[in-house]
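Heads up: the structure comes next, in structure tokens.
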Amino acid sequence: MSQLSHFYEKKMIDFACKQFNLDDIIKCGLGLTRTELKIMKYFLKDTSKECTTNSISKKLNLNLTTIQKAVKKLSEKGIIIRHQKNLDNGGYIYTYECNSKSNIRKIIKEIIQHWTDKVEEKIDKW
């Protein structure tokens, strides 16, 4: 089992009176919409792919404008990386690729650690 598969298994995590699905933790922790999570998972299936918004739109059968907004947010969050490709006849296109699995894990862990620190601080002040 790859490290990412182990990291991204659909497991429930217990916290006192509630169970959390790992997808929900990742979605909430990163502040993702359902579409952004779907795109991130698409990239995580094959981290070597480099795609345009058009190809993602066709592959996932989603509206191009929706994809453009989602990849912009994912890029801002460091989940995917945007590259500008200059065209031979002038102009350019953007392509996107997945950030490294270890960097995405690091981003999520930092968010969770920040949340944990805030919870501990609130409990200490209580």
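Give me the base-10 log of I(q)/I(0) for the stretch 3-120 at each q in 0.13, 0.14, 0.23, 0.24 Å⁻¹, Debye formula, one uniform scatterer per Cα, rounded to two decimals.
Summing over Cα pairs of the stretch 3-120 leads to -0.56, -0.64, -1.40, -1.48.
So what is the calculated 222 nm ellipticity per residue for the chain, using -39500 (n - 2.57) for each DSSP H run with n of 4 or more, over all residues, to the nearest 500 deg cm²/dmol?
-17500 deg cm²/dmol
Can you tell me the 0 to 90 degree angle between the C-alpha axis of helix 34-45 and the longest principal axis of the chain, rounded to 10?
Result, in degrees: 70.
Which of the aspartates and glutamates could a cross-linker bridge to K38, judged by Cα under 20 Å and excluding same-chain residues fewer than eight apart?
Once the sequence-local aspartates and glutamates are set aside, what remains near K38 is E9, D23, D24, D46, E50, E76, E97.
Determine, from the Cβ-Cβ distance of E97 and K58 and an R0 of 22 Å, the FRET efficiency 1/(1 + (r/R0)^6), rounded to the nearest 0.05.
The formula returns an efficiency of 0.80 here.
For Cα pairs less than 8 Å apart in space and 6+ apart in sequence, what is the mean separation divided by the residue count of the chain, i.e. the relative contact order in percent?
The normalised contact order for the chain reaches 22 percent.
For helix 101-125, what angle does its Cα long axis make with the longest principal axis of the chain, in degrees from 0 to 90 and rounded to 10?
30 degrees
Quick note: the coordinates plus some simple rules give every number you see, no bench work behind them. Since we're looking at a predicted model, the values are computed, not measured. We place every Cβ from the backbone using ideal geometry, glycine too, and count neighbours over all the protein chains shown.
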